[in-house]
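What follows is one structure encoded as C-alpha cells, with my remarks underneath.
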C-alpha cells in the first residue's frame, strides 16, 4: 500500500464491491427480463439489444467526462451524483411505456454507471501502489461476483413471479441504498485535486499522454477483449438459454449464478497468482485457460452439440480466467498515471464499452437471423483468441508495472 487509506480496508473493499457491482445489477438482473419485455413492448430483437448497447455506449462516453471531473472535484461528489442519477433512471425504466422510452432511460443509467465504475478504478489507484492495486481490485471484483450471483436468479425470479417491471425496480433499490451508504461513510480518496484538470489544453495533453503509453494499451486491450467476451455471453445468453435451449427464466438466472461463482473463484486465484508469480505471468497463464475454454465452446457448437452443458462447462473456464484478467487489466491500465487516474480509468472504460457496443449491435443482427447457439459460441471463440494474443504479446512486452 502506497499510503494509509482514508477509510479502513474493509470499507474500501465494500465500496469497490458496490460500485463495480452496479454493472451486474444493470445487466445480470436485467437479462432474464429481456424476452418478456420484448414481447410486452412489441419490440424486435434488435431493439431489445439496444436497451443494452445504448446503456453501454452511454456508459463508455460518460466516463470521458466523469474522469477529469473527478480529478478536478474529487471522487465523492461524482459518485454520489452518479448514484442518484442511476436511481432516477431505474425508476423511469420501470414505468416505460415503449421500447424507445426504455432505451432512453437505460442510456441515462449508462451515464450514471460511468461515474460509479470509473470512480472505483480511480479509488484503487488513489490508495494503492500498482501491484497492491491488482490485489485490491480483485477483492472488489470478488464482491462484484457475489452481487452477480444474487442478481441473476433474483431477476429471473422477480420476472417470473411479478413481471419484468418489478425486476427493474430492484435496480432503483440497489442504487438508493448504495447512494445512502456513500453519503454516510465514504471519505474522499483523492489526496490532491487538480485545478487544471478541466482546462482544454490540459485535457488534450493528458489524453494524448495516456493514449501514447504502451503499458496503458497493453492492459486496456486485455480488459477490452476479456470484457467483450463476457458481454457476448451476457447479451446473447438469455435468448439462447430461454428461447433455444428452453430453460425457464429462473433456471437461466441460476445458470448465470454458476458463471458468477466461477468468476469469484478466479478473483481469489488472481490474488494468489499475483503474489506468487506477478501480474504478467498470471495473465499469461490465464490466457491459456481462456483459449482452451473458448476454443472448446466453439468446437462443440460446430460439431452440433447444442446443450446447456456444452455451453456452461467451457464458460466456467472462461469465467475463471476472466477473474484474473479483469483485476490485473483494470489496475494495470491506470498504473502509470497516479496524477490522472480518473482520466486513465475513463479512457480504458470508454474503449471497453465502445467494443461492447459493437458486439451488441452485431449480436442484435445475428440473433434476429436465427442461428441457435452459434452467435454466442462463435463470438466467445473469437474474443478468446484475442485475449490470449494480448496476454502473450503486448502484456509481456509492455506490461511491467511501476513500483509506486
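Read the figures in this text as sums done on the coordinates, not as results from a lab. It should be emphasised that the depicted structure is a prediction, and the values quoted were computed from it without experimental measurement. FYI the Cβ positions are ideal-geometry reconstructions off the backbone, even for glycines, and counts take in every protein chain you see.
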Exercise for the section: Take the alpha-carbon centre of region 226-292, take the same for region 95-117, and report the distance between them in whole Å. Expected result: 25
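Between residue 9 and residue 316, how high is the FRET efficiency from 1/(1 + (r/R0)^6) when r is the Cβ-Cβ distance and R₀ = 35 Å? Nearest 0.05. Please list the in-between numbers first.
Details: r = 30 Å, r/R0 = 0.85.
The computed FRET efficiency comes out at 0.70.
Looking at the square roots a ≥ b ≥ c of the eigenvalues of the Cα gyration tensor of the chain, which shape do they give, rounded for a/c under 1.5, prolate if a/b is larger than b/c, or oblate? Numbers along the way, then the final one.
Values: a/c = 1.71, a/b = 1.24, b/c = 1.38.
Note, shape of the chain comes out oblate.
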Completion exercise
Placing each pseudo-label 7 Å from Cα in the direction of the beta carbon, residue 40 and residue 132 end up separated by a distance in nanometres of 4.8
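How high is the FRET efficiency between residue 101 and residue 308 when r is their beta carbon distance and R₀ equals 35 Å, given to the nearest 0.05? Numbers along the way, then the final one.
Details: r = 34 Å, r/R0 = 0.98.
E between residue 101 and residue 308, to the nearest 0.05, is 0.55.
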Practice task
Would you order 62, 345, 98 from fewest to most other beta-carbon atoms within 10 Å of each residue's own beta-carbon?
Solution key: 98, 62, 345
Handout entry: Net length gained if the chain between residue 285 and residue 392 were fully extended (0.36 nm per residue, minus Cα distance)
Key = 37.6 nm
Practice task
Classify region 109-153 as rounded, prolate or oblate from the Cα gyration tensor: take a ≥ b ≥ c as the square roots of its eigenvalues, call it rounded if a/c is under 1.5, otherwise prolate when a/b beats b/c and oblate if not.
Solution key: oblate
Problem - Rough spin-label spacing in nm, given labels placed 7 Å along Cα→Cβ, for residue 275 and residue 258 - result: 3.1
Practice task
Highest first, please rank the peptides 70-83, 119-132 by the mean number of other Cβ atoms sitting within 10 Å of their residues.
Solution key: 119-132, 70-83
Fill in the blank from the handout: Put in order of increasing Cβ neighbours within 10 Å, starting from the fewest, 243, 160 give 243, 160
Fill in the blank from the handout: The alpha-carbon center of region 14-76 and that of region 120-164 are separated, in whole Å, by 14
Completion exercise
Note to self: C-alpha centroids of region 338-404 and region 205-221 sit apart, in Å, by 16
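Rounded to the nearest 500 deg cm²/dmol, what is the calculated helix-only ellipticity per residue at 222 nm for the chain, with -39500 (n - 2.57) per DSSP H run of length n ≥ 4? Intermediate values should be presented prior to the final figure.
On the way: 16 runs with 327 residues, N = 404.
It lands at -28000 deg cm²/dmol.
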Practice task
Could you work out how far apart the two model spin labels at residue 185 and residue 299 are, taking each label as a point 7 Å from the Cα in the direction of the beta carbon, and quote it in nm?
Solution key: 4.8
Problem - Estimated FRET transfer efficiency (residue 196, residue 169; beta-carbon r; R0 60 Å; 0.05) - result: 0.90
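Sort 248-255, 111-118 by the packing proxy (mean of other Cβ within 10 Å over each peptide's residues), most packed first.
Put in order of decreasing packing, that is 111-118, 248-255.
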